[in-house]
Every structure is written in C-alpha cells, then in structure tokens.
Amino acid sequence: MAIAPVMTAPLRLRLDGDALVHNWRWLKAAGGSAACGAAVKANGYGLGAVDVTTRLLDAGCRDFFVATWAEAVEVAPLLPEDASLSVFHGVRAADMEAALASRARPVLNTAEQVARWKPTGRACDVMIDTGMNRLGLAPGADLSGLNIHTLMSHLASADQDVVQNGRQLELFRNAAATITAQRYSLANSAGICLGADYHFGLTRPGLALYGGTPRQEAAGQIRPVVAVEAEVLQRRRIEAGESVGYNATFVAHQPMELAILNIGYADGYLRAFSGKGTAGEGRFSIIGRVSMDLIALDVSSAPEVGEGDWIAIDYDLPSAAAVSGLSQYELLTLLGRRFERIWR
Ligand SMILES: *Cc1c(COP(=O)(O)O)cnc(C)c1O
C-alpha cells in the first residue's frame, strides 16, 4: 500500500500562546472587576478558533463570542460546563435547529429574532443598538418574556476620542437601568481602554488578544502573537535595467540580488504591500508587485540568504497597517489557509 508522503508547507505562522494569554490577562486587569471574555469569531481572527479557545480556557476565560452557528459548532465542544458561548448574529429561522441543539446563546438583534426565540423559554443575550446602526434592537424594544443572560451594545468609535463614545455609554446605561439581565457588556478591546465607566460586568475583546493595538493606552502592553514566515524558493541576480514581477513595476538601476519567497495575496499578503512591505526586521524590501503566491525581496545585502531559508515577513500590526492601508483586523483575518500554524 502506498504511504502518503509527509508534506511540509513552505509558509508558516508562528503563534505565541504565552503572548495570547498575557494579552488576555492585561485586558482583564484593565477591565477592573468585569469578567473578560474573548471574541473568537472568524476562526479566532485567523489564528484558529480551537487553538485560541483552548488556551484562553486554560487561562481562566469563560465567555466566548462567535458570529455564526457554524462557528459555534466548532467552539462549543471545547467548553466546560461553567463556560458560556454567544452567537453575535442571532438566530435566523434556518438556524433554529442548530441553535436548539447547541448550548450557545443567540444574541437577539431584531424583533423577529425575539419572536422566534421567546417560545423556547431558553436563555438568550440581547444586543441594543446605541448608535452604530449595525445589528441590534432599539433601546425601547419590547423584550418582555425573554430570559436575558447578557445585555450588550457595541461601540462604533472606541478607538478614537469622540463624543459618540459618551453618547453610546449614556444610552447603554439607560437601557441597562430598565432591562433586567444577569450581566451587562459594552466594551470591545478599544472600549476597555476608555476606562471604568465602560466596563460593566463583562468585556468582549478580540483584536487586542491577538496582538492588535486598539488605542495608545495599550501600546507597549499588548504583545504580538502572530509571526509570518515564508521559505525562499529561489535566489537570483538581476542586472541594471531588468524589471521584476507583473507589469514590470520595478526596474533595477544597478545589479541586485533577489530572494523569491513562497507567499502572496492568496495567502492574505495583499498587493497593498507591493513595493512597500519589508521583511527581516526592515532589512529586506519587497520589490515589485506581490503575486498570488510569491514575493521578491531585495537581499543584495545578505549573501547568506539562499534557497530553503526561512524569512520573517514584517507583520507588526500597527506598522503593517500604516504601510499597507489595511486595518489591523484585516491583517489578522486575511491570513490564509495555506499556512502551517505552529504554536508555542
Ligand atoms: C468583533 C466584536 C467584538 C470584539 O471587538 P474588537 O474590536 O476586536 O475587540 C466585540 N463585540 C462585538 C459585538 C463584535 O462584533
């Protein structure tokens, strides 16, 4: 019988479980007496929902948030009895069977969802819209007869110092004063940094767990969790006047040495980094366009770099966001399926 060959991926994410736990603990401490949950939607912001949830459970996190019931199916089996899981997008008619079979609670967002869930008599969460105008019920909506576990709202601009934050806080306080629930929750990562008024009983960080810096207050406190590494597939020399990559957007003015790496926009390393991204802690510049599966680096200064070597792509989230024009959230959730994910 033929034995399948062992395949090793030519690109990998190095994921730092200690940094993840450190970030959760920092956010928990910053949130004062509030419980600190974890948004693990979008496959744990691209890192892997199962791996992230397992580590945060070990650290003591007991409140998890996903976007959809498909995501809940992945996370729910990991949770002990005393942990809780909420599904932000609520419950569509098509979700009812999965929802009733799950221990997760829907976060009800519309009158239709309220009507759908009320007859079950089961616990739910409720999202109140306080001005984001995304998902959620109006503060005065009829919630009678619901068994509300967590009442929440979501901040639209907590990463900025704007009057909208105070307005949303005021509206949420008023709602919390009139709607009975076991717990109240307003703050995402950035909201935690806004101070004690915003913490209520439970916070819901996502970005900062995974190494994003939501506001200056968190700079220097949050540790990077993700490192991106790709293997050199070829080293080549080009002469003055030669061009590199699609559409020849780069033309060499002098002889150069290039390393061609196994990573590209299909892996989530988007064309926004063309001619701008760097690797090796700033030592190597990306030359020309990012291709689907490849990039070229200028390694003229590094004669030791050769085929089969691994090079770290510079992916510090705040700086990579500044360089590319992508958000820190996008930089995380873009990271594709072709990476081998290696935790330590
Ligand atoms: C994604 C999300 C969060 C987490 O937000 P971060 O900015 O990543 O900390 C919290 N609450 C809701 C409703 C969300 O959709």
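The values are calculated or read from the model by the stated rules, or taken from the named source; none is laboratory data. What you see is a predicted model; the values in this text were computed from it and never measured. Here Cβ is always computed from backbone atoms with ideal geometry, including for glycine, and neighbour counts include all displayed protein chains. Protein only, heavy atoms only, side chains kept; ligands, DNA and RNA dropped before computing areas. Shrake-Rupley method; radii C 1.70, N 1.55, O 1.52, S 1.80 Å.
Tell me which residues, restricted to segment 236-254, are touching a residue at least 24 places away in the same chain (Cβ under 8 Å) and either on the phi > 0 side of the Ramachandran plot or surrounded by fewer than 18 Cβ atoms within 10 Å (Cβ to Cβ) (or both). Passing the criteria: R236, S243, G245, Y246, N247, A248, T249. Filtering segment 115-132 to residues that are of a type in the set (G, A, S) and outside any loop (DSSP other than H, G, I, E, B) leaves A115, A123. When each of L209, L233 is tested for being open to solvent by 50 Å² or more (accessible area, probe 1.4 Å) and either outside the structural domain of W24 (by TED's automatic domain parsing) or within 16 Å of the ligand (Cβ to nearest atom) (or both), the lone residue that passes is L233. The numbered conditions (1) over 19 Å from A30 (Cα atoms); (2) more than 9 Å from the ligand (Cβ to nearest atom); (3) part of a loop (DSSP other than H, G, I, E, B); (4) not β-branched (V, I, T) are all true for L135 except (2). List pairs: first residue in segment 177-200 and under 21 Å from F88 (Cβ atoms) and within 12 Å of the ligand (Cβ to nearest atom), second residue of a type in the set (G, A, S) and part of a strand (DSSP E or B) anywhere in the structure, Cβ distance under 9 angstrom, at least six positions apart or on different chains. Within 9 Å, the pairs are S185/A35; N188/A39; S189/A39. In this structure, does Q164 turn out to be touching a Lys or Arg at 6+ places or on another chain (Cβ under 9 Å), away from the ligand (no atom under 12 Å from the Cβ) and among the polar types (S, T, N, Q)? Taking the combined requirement at face value, the residue does not satisfy it.
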